[in-house]
Amino acid sequence: MLIVGSPVSPYVRKVVVALAMKGLDYALDPIVPFYGTEAFTRISPLRRIPVLIDGDLVLNDSTVICEYLDEAYPGAPLLPKAPADRARARWIEEYADSRLGDVVIWRLFFATIMAPRVYQREPDADAIARVREVDLPHALDWIEAQAPEADRGFLFGTMMLPDITIAAFFRNALLAGFAIDADRWPRTAAWIGRVEAEPVFAETIRVEQIIFKTSTRDRAEALRAAGVRIAAESYGGTVPQARVLTG
Ligand SMILES: N[C@@H](CCC(=O)N[C@@H](CS)C(=O)NCC(=O)O)C(=O)O
């Protein structure tokens, strides 16, 4: 199995945690999507990460990939069984993918970290302030109402896809300088702390830190040295390409 995409992306992080929960072995091609080659366009028509390649199957979209893994492989379940719980789990994951995707990834992480580095585009300070002061607090108010009580571990007993997804987006918020205020959103802060402490999730933080501290050129070697199985060939190039989608 091959995963294409850097696990700094919350969508990729979600998939690598799911793979670890299923006990599946895979090679990682930790590319930044903006540097994808022509071959990347062929496996990812929207030029987005992650992509999962499992034998002849090439799959896009983290939710589709995780649902495939849950149906095709035994191991820890990624979604609860009861229809109402299952639907709620999917909605919380969808909320994170769409709303936190917009607020945390595009308007905060991409704007402050990726756009200046990749496209030499400086962040708009007013837009960033709005994310930090209005949009993220608004999202966190809703998330706080969903979060498990302080003494309950995860949303549906054991850690599953919606727990992983919410925590994955707040890693990027933290990397972009936004930490959850535990006085204002205590349940959320404690819940995300529990997710991050799970060994399968903690491993992605270890990998993320290596990626963050190394240049693109040295990255694969640093990850290999840290015991990560890196793909022999890469879908990543050296020249940034125009994005297919803008939102
Ligand atoms: N719905 C997709 C979203 C994936 C996504 O937006 N990935 C970002 C990285 S965080 C990406 O590849 N962006 C490149 C682009 O949009 O140009 C999923 O769940 O996999």
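From least to most packed, judged by other beta carbons within 10 angstrom and beginning with the fewest, R90, R48, R117 follow the order R117, R90, R48. Given their separation in residues at 0.36 nm each and the Cα-Cα distance between them, I205 and D25 gain 63.0 nm when the chain is fully extended. Enclosing the Cα atoms of segment 83-199 in their convex hull gives a volume equal to 102 cubic angstrom per residue.
Each part reduced to its alpha carbon centroid, segment 93-125 and segment 216-247 end up 19 Å apart.
Spatially, segment 153-167 and segment 1-50 are offset by 21 Å when compared through their Cα centroids.
Using only alpha carbons, segment 1-106 has a radius of gyration to Kirkwood radius ratio (Rg to Rh) of 0.97. Electrostatic tally near I53: other residues with Cβ closer than 13 Å to its Cβ, Lys and Arg +1, Asp and Glu -1, net -3. Placing unit charges on the Cβ atoms only, positive for Lys and Arg and negative for Asp and Glu, gives the chain a dipole magnitude near 380 debye about its Cα centre.
If each DSSP helix of 4+ residues adds -39,500 (n - 2.57) and the sum is divided by the residues in the chain, what number results at 222 nm, nearest 500 deg cm²/dmol? That comes out to -14000 deg cm²/dmol. So, counting K/R as plus one and D/E as minus one, what does the shell of residues with Cβ under 14 Å around R184 add up to? Summing Lys and Arg as +1 and Asp and Glu as -1 gives -3. Summing +1 for each Lys or Arg and -1 for each Asp or Glu among the other residues whose beta-carbon sits under 9 angstrom from that of R107 gives -1. Among beta bridges from DSSP that stay inside the chain, the antiparallel ones total about 70%.
Rule-based calculations on the coordinates, nothing more; no lab input. All values reported here derive from a predicted model rather than from experimental measurement. Note that we place each Cβ from the backbone using ideal geometry, even for glycine, and neighbour counts take in every protein chain shown.
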